[in-house]
Amino acid sequence: MSNKMWGGRFVAGPDAVMEAINASIDFDRRLWQQDIAGSKAHAAMLAETGILTPEDAKAITHGLDTIASEIESGSFDFSTALEDIHMNVESRLSELVGPAAGRLHTARSRNDQVATDFRLYVRDALDRLDTALAALQRALAGKAAAHYDAVMPGFTHLQAAQPVTFGHHLLAYVEMTGRDRGRVVDARRRLNESPLGSAALAGTSFPIDREMTAKALGFDRPTANSLDAVADRDFVLETLSALSIMAMHLSRFAEEIVIWSSAQFGFVHLSDAWTTGSSIMPQKRNPDAAELVRAKTGRIFGAMVGLLTVMKGLPLTYSKDMQEDKEPFFDALDAAELAVAAMTGMVSDMEPNRERMQAAAGAGYSTATDLADWLVRTLNMPFREAHHVTGRVVGLAAQSGRDLDALALDDMQAIEPRITAEIFEVLGVENSVKSRTSYGGTAPANVKAQAEAWLEKLKA
């Protein structure tokens, strides 16, 4: 038996494999709220323009509300034979209100219907994501404010480079997350146009009011070209791109949490809430939440590359290939939202080991740059010469197994006679971070002010 929703030209039903590959209801049922909202807006517009009688519009709206209640309660029977969420809803609507249901599809197609539903769904997802990222920023900024003066090593090449503060390090991720939120806002702004009324690809001959449906659904305006409206999935790709960059940031931080929480580093402690144990090694406390945040990045990257691959060879306008846009996106979105929530929880939970971090901050002659800067600033020495002198001082300290601030003044003067006792004011790690007062630098006063400014900004 052919599909009663579209099978007028067909005399036989599809092969079972054809039905399986063609159906999307198992995943696009997620769009039910957006599909019903779009249908209600379309019905109201059809009635307003005289295309649909007020009685039919009222019956359709009541039927759609009934379907929404059934889906919410779990009593709705989703059918694979009806392919997708649109036809499942329309079929049930027909059972509820009779022939009026068939008039709802006037002046629209599944092509513009799914494009509208998907834009609405992605828009809702972006709003949720922005809220979640703001919560992550608050957790980061709050922890930074609490530990604005906790000294730790700053790294290049994963080797101790210069001392920084723990608060300063966390604020770097506040900045990254701010850019992530900016991309979310940009993606939302660009997608907020309504395809509804573009129909299959060429628009419609019915006197519809696309401005009315756009406004009813919270869009800024209707799309300007019917071909582009049904063929476009840039809004999905742009969202996946934003998710990918965000996931990369989360993965970098997750990697640092894995390193920091190891016994070898011991910089931070995660409670039982965010770690797991081993089935054989009772001493283990594994940072599995951080590791899984790191791993989920691959799923998000994969979704973006997958959809780019689907879209790259499609002529205008709609092809069934585009059905493959949703399932990977849903998976990527779920992974992204879970990763943000997990990272927010870990940040709120973790506590730094100040003593361990400060001890590590002084290792590896991390204040050597402070020595070179002092030579330039105090002795008016060219930086390249100061770099050379400092290298000799570091070499001397390494040979004797001492830190720079443990060297005797005589030892340093043997290399550069003009060095005075003032040098010891810049060699300790605390002195080093206090001196980094340039805008955006790691000086504790800077960090405290930046953290407090972010917290105040995030109140809004």
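Quick look at the numbers
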read-out: Neighbourhood net charge (15 Å Cβ-Cβ; Lys/Arg +1, Asp/Glu -1) for Tyr173; value: +2
read-out: Simple spin-label estimate for Thr309 and Thr53 in nanometres, 7 Å along Cα-Cβ; value: 5.3
read-out: Nearest-10 value in Å² for the accessible area of Met311, using the 1.4 Å probe; value: 40
read-out: Virtual spin-label span in nm between Leu227 and Ala445, 7 Å along Cα→Cβ; value: 6.3
read-out: Relative contact order for the chain, counting Cα pairs under 8 Å that sit 6 or more residues apart, in percent; value: 17
read-out: Region 49-101: Cα Rg divided by the 2.2 N^0.38 Å rule of thumb; value: 1.18
read-out: Euclidean distance between Cα centres, region 138-166 to region 321-370, Å; value: 14
read-out: Theoretical gain in end-to-end length, Ser262 to Arg384 [0.36 nm per residue, Cα-Cα removed]; value: 40.1 nm
read-out: ³J(HN,Hα) computed for each position of region 60-72 - Karplus, 6.51 cos²θ - 1.76 cosθ + 1.60, integer Hz, glycine/proline x; value: 4, 4, 4, x, 5, 5, 4, 4, 4, 5, 5, 5, 4
read-out: Neighbour net charge for Arg188 - beta-carbon separation under 9 angstrom, K R +1, D E -1; value: 0
read-out: In Hz, Karplus ³J(HN,Hα) per residue of region 221-230 (6.51, -1.76, 1.60; θ = phi - 60°; x = Gly, Pro); value: 5, x, 5, 8, 9, 5, 5, 5, 4, 8
read-out: Region 134-181 shape via C-alpha gyration tensor axes, a/c threshold 1.5; value: oblate
read-out: Around Arg436: net Lys/Arg minus Asp/Glu count, Cβ-Cβ under 11 Å; value: -1
read-out: Anisotropy class of region 67-129 from Cα gyration tensor, a/c 1.5 cut; value: oblate
read-out: Cα shape, region 320-398, gyration tensor, a/c 1.5 rule; value: prolate
read-out: In Å², nearest 10: area of Arg377 left accessible to a 1.4 Å probe; value: 150
read-out: Folded to 0 to 90 degrees: helix 110-146 orientation relative to the chain principal axis, Cα; value: 20
read-out: Under 5 Å, built H, 5+ apart or other chain: amide partners of Ala150; value: Phe166, Gly167
read-out: Heavy-atom SASA rank of Lys434, Lys143, Lys459 (probe 1.4 Å, accessible area, largest first); value: Lys459, Lys434, Lys143
read-out: Set Lys215/Lys457; Lys143/Lys434; Lys296/Lys459; Lys215/Lys320 screened for pairs whose C-alpha atoms are more than 24 Å apart; value: Lys215/Lys457; Lys296/Lys459; Lys215/Lys320
read-out: At R0 = 41 Å, FRET efficiency that the Cβ-Cβ distance of Arg402 and Glu175 yields, to 0.05; value: 0.65
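The values are calculated or read from the model by the stated rules, or taken from the named source; none is laboratory data. Please read all numbers here as calculations on a predicted model, not as lab measurements. Every residue, glycine as well, gets a Cβ built from its backbone with ideal geometry; the counts of neighbours run over all protein chains shown. For the accessible areas, the whole protein counts, side chains as well, though only heavy atoms, and no ligand, DNA or RNA atoms are used. Shrake-Rupley method; radii C 1.70, N 1.55, O 1.52, S 1.80 Å.
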